[in-house]
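This report refers to the structure that appears directly beneath it.
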Amino acid sequence: MPNQIINLFDLENLFNKKLPPDIAGYYNSGARDEITLKKNREVFHEYELLPKLLRDVSRIDTSTNLLNCLLKNPIILAPVAMQQMAHQDGEIASAKAAHIYGSPMTLSTSSNYSIEEVAHHNENLFFQLYFAKDRTITERMLKKTKKYGFKAIIFTVDAPQLGTRERDERNKFKMPDHLSLGNFKGTILEKFDNRDGSSMNMHNELLFDKSLTFEIIPWIKEVSELPVLVKGILRPDDALLCFKHGADGIIISNHGGRQLDTATPTLKQIEPIRKEVGKEKLLIVDGGIRRGTDILKCIALGANAVQIGRPILWGLNYGGEAGVGLVLDILLKEFIETMILTGCRNLSEITRDLVRKI
Ligand SMILES: Cc1cc2nc3c(=O)[nH]c(=O)nc-3n(C[C@H](O)[C@H](O)[C@H](O)COP(=O)(O)O)c2cc1C
C-alpha cells in the first residue's frame with residue numbers, strides 16, 4: 001500500500017520525496033563526510049537486549065519526573081531550528097503535539113516562531129540558547145523565557161562555530177525569503193545574509209560567541225532564573241565540569257552529527273558519563289533515536305530521558321501538529337512494546353543488565 005506509515009522511516013522516506021532538495025538537504029545533513037550522522041544510528045545495532053521474562057507486565061508506567069515536571073514519558077522534542085520550512089505551523093504545531101503526549105518541547109533560539117508565540121502551547125517548554133555575541137540580545141531572550149512560562153534553559157555548547165554541512169554549501173541553502181527568525185525580529189539576526197556559501201556562516205559568526213567558558217553557566221542561571229541544562233557534552237570530564245559550575249543537567253549530544261564530524265556517537269558515551277557524575281545527576285541523550293528499543297537502550301545505559309530531532313520535521317511535514325503527534329505515538333507504542341517484552345514495568349526497572357555490547 002503506498003504511503004503506509006508503520007514506522008518513523010516511512011515518514012522519513014515521504015519527507016525526502018516531498019521537500020525541495022535544498023531544504024531536505026539542510027534538515028537531513030551532517031557535517032563533512034557525515035560519519036557521525038551515520039554512526040549515531042548504526043551504534044544502536046551494536047547493543048543487544050537481554051529480556052527478562054515472567055515479570056507481570058500487565059501494567060506499564062512510562063512516566064518520569066524531570067526538573068520537577070511530571071512527564072508522561074521520557075521523550076523530549078529536541079531544539080530544531082526553522083521548523084516552518086517543514087510546515088507553516090512550525091514550532092507551534094510541534095509544541096501542541098508534544099503537549100498532547102505529555103512531552104516537553106524545546107524551542108530553538110533559531111526558531112521561526114518566537115518565544116512569545118510558542119508560549120502557552122505546551123506546559124513544559126524548554127528554551128535552547130545560542131549565546132549571541134551581543135549580550136543584550138542574549139539577556140533579552142533569557143529574561144523573556146521565565147516571563148512566558150518556560151521551565152528550563154538548554155544551553156548549547158557544541159557550536160562555537162557552525163560545523164560545515166557540505167550539502168548546504170553545494171545547494172547554496174538559504175532560508176526562504178518569506179520566513180524570518182522570530183526571536184531576532186528587528187535585529188540584524190532576523191534574516192540570513194545571502195552573500196556567502198550557504199548564507200548561514202555569516203549569520204552564525206554574529207550569533208555564536210566563541211569566547212565562552214564553563215564560567216558562563218552561573219550567569220545564564222542568574223539572568224534566566226531557570227534551571228540550565230548544557231547540551232552537546234560528549235566527555236565525562238566535561239560533564240563533571242558542567243555540574244561543578246552549577247548545571248542542573250546535561251544533554252549528551254553531537255548535534256545530530258551536524259557539528260564535528262567523526263565525533264563519537266552519543267549512545268557510547270552514556271555509560272562513561274553516568275559513571276563519572278553519579279546516580280543522581282540528570283542526563284538526557286539525543287542522536288539517531290528512531291525506535292522504541294533505542295529509547296530503552298539509552299535508559300538502560302544510564303540516561304533519564306531521550307530527545308528526538310529530525311523525526312519532528314518528518315512528522316511536521318507529513319501533517320503539522322497531527323504529524324508530530326503520529327511520530328510520538330509510533331515511538332511511544334514501540335517503547336511500551338519494548339518494555340513489555342523486556343519485563344520492565346516502569347523506568348526504574350530498565351536496568352543496565354538488559355543491554356549487552358556486542
Ligand atoms: C535541522 C536541524 C536543526 C537543528 N537546530 C538546532 C538548534 O537550533 N539548536 C540546537 O541546540 N540543536 C539543533 N539541532 C540538533 C538537535 O537538537 C539534536 O541534537 C539532534 O537533531 C538529535 O539527533 P537526531 O536528529 O538524529 O534525532 C538541530 C538538528 C537538526 C537536524
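Every number here is computed from the coordinates shown, using simple stated rules; none is lab data. Values in this document were obtained by computation on a predicted structure and should not be read as measured data. Counting neighbours? That spans all protein chains shown, and the Cβs are built from the backbone with ideal geometry, glycine included.
Given the Cα-Cα distance of ASP134 and GLU190 and 0.36 nm per residue of separation, how much length would full extension add, in nm?
Extra length available between ASP134 and GLU190 comes to 18.8 nm.
For the residues VAL57, VAL118, what sequence is obtained by ranking on other C-beta atoms within 10 Å, fewest first?
VAL57, VAL118
Over all directions, average the projected area of the Cα convex hull of the chain and note it in nm².
So the Cα hull casts an average projection of 17.1 nm².
Fewest Cβ neighbours within 10 Å first, please rank ASP286, ASP33 accordingly.
Listing ASP286, ASP33 from fewest to most nearby Cβ atoms yields ASP33, ASP286.
For a footprinting-style exposure proxy, rank HIS87, HIS203 by other Cβ within 10 Å, fewest first.
The order, fewest Cβ neighbours first, is HIS87, HIS203.
Would you kindly give the portion of the calculated P(r) for the range 124-242 that falls above 23 Å, as a percent of all Cα pairs?
Looking at the range 124-242, the distances longer than 23 Å represent 36 percent of pairs.
Restricting the count to DSSP beta bridges whose residues both fall in the range 8-357, what percent are antiparallel, rounded to a multiple of 5?
Here the antiparallel bridges make up roughly 20 percent for the range 8-357.
Among LEU162, ILE350, CYS242, which residue has its Cα furthest toward the positive end of the charge dipole of the chain, with +1 on Lys/Arg Cβ and -1 on Asp/Glu Cβ?
ILE350
Express the relative contact order of the chain as a whole percentage, based on alpha carbon pairs under 8 Å and six or more residues apart in sequence.
Result for the chain is 26 percent.
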